[in-house]
Amino acid sequence: MTFESNAKKPVGQRVKKFIVDFKNQWELQSMVLPGIIFLIVFSYIPMYGVLIAFKHYTALDTFSTAPWVGFENFKIILSDRYFWDAMVNTLGISFLKLAIGFVAPIILAIMIYELHDGPFKRFMQTVSYLPHFLSWIVLGGMLITWFSTTGLFNQMLMSVGLLAKPQNFLLDEDKYWLIATLSDVWKEVGWGTILYLAVMSKIDPTYYEAAKMDGATRFKQIWHITIPMMKNIINLNLILSVSGIFGSNLDQTLVLMNSQNQAKAEVLSSYVYRIGMTQGDFSYATAVDLGMAIVALILLVTSHKVTSKLNDNQSVL
């Protein structure tokens, strides 16, 4: 039964059907309840706090006693130079991560899938997954050491003659966007292959056998069989990636940002953190964060509409 036909039923019948289904699947439903409770307590109830975006709230006020200021905090955003600097950095880093980080897991997944089953294939999967399980505190410490004047990268570049004298790359603001992008891709590329490998494992091998009989090369098999079979999951990941374009990695920024590269490293998430937690301007920080959430929702809906059009009006959500 389709969702539309079920929605046309009277409310009483829908409630009765829900109760019957819940009784028949109470074991599975009970496993879902903790997750629902977690979302209500930590995601939905705190949404009441967005009200302070429309108030002049301080640590001495409560939500009810803080005076209303309407859209005053949002008007300040339009004239805040530091906000727009953070906006440019966020878009620049996010578009680089989208351009490189979206394609890299697809390519790596195909390369791993094409390997013959054996120890080397399992080794490659493990090595590519490993950075995901390390926190940015650990990886940030490694990167700070590697990019220092006596670090690994200086030694490598100087040994092959690409660098005349050592330099600290993280102190050069012009190099930060590239460092942030490549380090994020390095951390997450292996983890991003999981869904693609799961989809590829379900592809009927007879498609490849038929393609071989028709004389298709391995590249043509990948282009005409493997990639089209992954179309739905690629579209889904594209939607989620586009909608999260303003959600630059706060952990990464706090670890890698310093006084020398802050002009190019400050992103919206770190800007909100700094304004709210270190300067105590909770109302303004909430207004910025609420604006980011609204834009993210618009991007989510828009990207979904676009991918649905490209997918013969079929939704992937």
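Within the set A211, A265, the sole residue that is farther than 30 Å from K305 by Cβ and touching a Leu at 6+ places or on another chain (Cβ under 9 Å) turns out to be A265. Filtering the range 100-118 to residues that are hydrophobic (A, V, I, L, M, F, W, C) and either over 23 Å from the mean Cα position of the chain (by Cα) or in a helix (DSSP H, G or I) (or both) leaves I100, V103, A104, I106, I107, L108, A109, I110, M111, I112, L115. Only one of the listed residues (T150, T126) is closer than 25 Å to V255 by Cβ, within 23 Å of the chain's Cα centre (by Cα) and at pLDDT below 90. That residue is T126. Of a type outside the set (K, R), over 20 Å from A104 (Cβ atoms), in contact (Cβ under 8 Å) with a residue 40 or more places away in the chain and not in a loop (DSSP other than H, G, I, E, B): is that true of V255 in this structure? For V255, the condition - of a type outside the set (K, R), over 20 Å from A104 (Cβ atoms), in contact (Cβ under 8 Å) with a residue 40 or more places away in the chain and not in a loop (DSSP other than H, G, I, E, B) - is met. One residue stands out in the range 52-71 among those that are over 18 Å from M277 (Cα atoms) and polar (S, T, N, Q): the one that is modelled with the highest pLDDT, namely T65. Going through the range 134-154 one residue at a time, which ones are among the β-branched types (V, I, T) and without any contact (Cβ under 8 Å) to a residue 40 or more places away in the chain? Once the filter is applied, which keeps residues that are among the β-branched types (V, I, T) and without any contact (Cβ under 8 Å) to a residue 40 or more places away in the chain, the range 134-154 yields V138, T145, T149, T150.
Within the range 150-180, track down each residue that is surrounded by fewer than 13 Cβ atoms within 10 Å (Cβ to Cβ), at negative phi and outside any helix (DSSP H, G or I). Passing the criteria: T150, V160, L162, A164, K165. Remark: pairs (first residue in the range 4-25, in a helix (DSSP H, G or I); second residue modelled with pLDDT under 75 and of a type in the set (A, V, I, L, M); Cβ separation under 9 Å; 6+ apart in sequence or on different chains) = R14/A7. From the list A164, A86, A109, the one residue that fits, being closer than 30 Å to G49 by Cα and either in contact with a Cys (Cβ under 6 Å, 6 or more places away or on another chain) or among the hydrophobic types (A, V, I, L, M, F, W, C) (or both), is A86.
Residues in the range 71-86 that are assigned to a loop (DSSP other than H, G, I, E, B) and of a type in the set (S, T, Y): S79 alone.
When every residue of the range 72-88 is checked against the conditions, none turns out to be at pLDDT below 85, of a type in the set (S, T, N, Q), at negative phi and not assigned by TED's automatic domain parsing to the domain that holds N261.
The residue that is nearest to K55 (Cα to Cα), among those in the range 270-280 that are surrounded by 20 or more Cβ atoms within 10 Å (Cβ to Cβ) and of a type outside the set (V, I, T), is Y271. Among T286, T302, which is of a type outside the set (A, V, I, L, M) and surrounded by fewer than 19 Cβ atoms within 10 Å (Cβ to Cβ)? Just a single option satisfies the conditions, and that option is T302. Within the bounds of the range 191-210, is there any residue that is among the small types (G, A, S), modelled with pLDDT of 90 or more, over 30 Å from T302 (Cβ atoms) and in the same structural domain as L299 (by TED's automatic domain parsing)? Looking for residues that are among the small types (G, A, S), modelled with pLDDT of 90 or more, over 30 Å from T302 (Cβ atoms) and in the same structural domain as L299 (by TED's automatic domain parsing), one finds at least one in the range 191-210, hence yes.
The values are calculated or read from the model by the stated rules, or taken from the named source; none is laboratory data. This structure is a prediction, so every number in the text was calculated from the model and none was measured. Using ideal geometry, Cβ is built from the backbone for each residue, glycine included, and neighbour counts are taken over all protein chains shown.
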